[in-house]
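As structure tokens, the structure follows; a few thoughts come after it.
The values are calculated or read from the model by the stated rules, or taken from the named source; none is laboratory data. Keep in mind that what you see is a predicted model, and the values were worked out from it rather than measured. Here the Cβ is made from the backbone with ideal geometry for all residues, glycine too, and neighbour counts use every protein chain on show. Surface areas here come from the heavy atoms of the whole protein model, side chains and all, with no ligands, DNA or RNA. Shrake-Rupley method; radii C 1.70, N 1.55, O 1.52, S 1.80 Å.
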Amino acid sequence: MKPRRALALAAWSVLAAAALPRAAAAQFFPAQPAGYLLTTDASDGRALWVNPAGLVRRTEASVGADLAIERSPLDTRVSQFGLFAASRNLAFGWSHNRLPAGASAGGNLPKRAANVYAIGLGLGDPVFSAGAAKRWYRGDARSSAWDVATRVAVSPHLDLSVVWRDIGSPIVADTMLEETLVPAVALSFFRGRLRVGAEWHVATGGWNAREVRTGWTIRTGERLAVMFRNDLTPGLGRRRTVLAVQWGLNRARATLSASGSGATDTETYGAGLLLISAPPPARGRPRR
């Protein structure tokens, strides 16, 4: 793909998001890293929440924390916070979700909360990997679910992945998280400085399309990355537009994100910090 066509694709993503019909927002949101990362882009401890096959993309030990603030015309509140730790290909995580009163019988009940505990394992190398993650929901939820995934770097320019998500269709508060298959593709240009990706979320019960996401990442060296993501399919409760900025140092990665849903006039702002105790060694194989 020529650079001009890649830039045209990014512009089309912005216009498509603005043109698509609005939809009702979901009542429960996944862990904050899944709010801005595509499944082909998760490559450190955050992959626990997005694509467990990505846990082997970086051989490092790390701990991280995430915070999300939701803003609506009627309220501004901390909606989610969590912690996670990873050592090479094994990761543990916890996320606390504060559910609004509007998610409880039309807002007539008090605000509620749900905790998510997760453990994930990835096997393989930066070229081909597979992984699995188990999640337990507690608080205003008594459910559990599995994610299984595989990911392959076909070439330095082409990355493919498949995630089978929410196996068991857990019910969290007022939301059933449907069992979903997520095939994805990502293309890299200009020695990895521009990365364009797309993924398709298909509910396995009836094989109905639930969500289509496109996104791109622009990197300026190893330190700064700007990420943009769109949910393009109309008629979906989780349709959002997301912008994130990541700043990387030798021993840390910091991320700021902002997302909006035109259907509910809500905005979500997120912040994340990852501290690395063992930086990954130099490798000749591609790393994402």
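Residue order by solvent-accessible surface for His96, His201 is His96, His201, largest first, with ligands and nucleic acids left out and a 1.4 Å probe. Taking the Cα centre of segment 167-231 as origin and assigning +1 to Lys and Arg Cβ atoms and -1 to Asp and Glu Cβ atoms, the resulting dipole is close to 600 debye.
Could you pull the accessible area for Ser261 with a 1.4 Å probe, rounded to 10 Å²? Its accessible surface works out to 10 Å², give or take rounding. Counting every pair of alpha carbons in segment 70-219, the share spaced more than 25 Å apart comes to 45 percent.
Projecting the Cα atoms of Met176, Asn208, Leu224 onto the dipole axis of segment 173-243, where Lys and Arg carry +1 and Asp and Glu carry -1 at the beta carbon, places Leu224 farthest toward the positive end.
Taking the empirical scaling 2.2 N^0.38 Å for compact globular proteins as reference, segment 137-251 has a Cα radius of gyration ratio of 1.24. Of the chymotrypsin sites (Phe, Trp or Tyr not before Pro) found in segment 174-220, those that fall in a DSSP loop while having at most 12 other beta-carbon atoms within 10 Å are Phe190, Trp207. Around the Cα centre of segment 125-260, unit charges on the Cβ atoms of Lys, Arg, Asp and Glu (plus for the first two, minus for the last two) sum to a dipole of about 540 debye.
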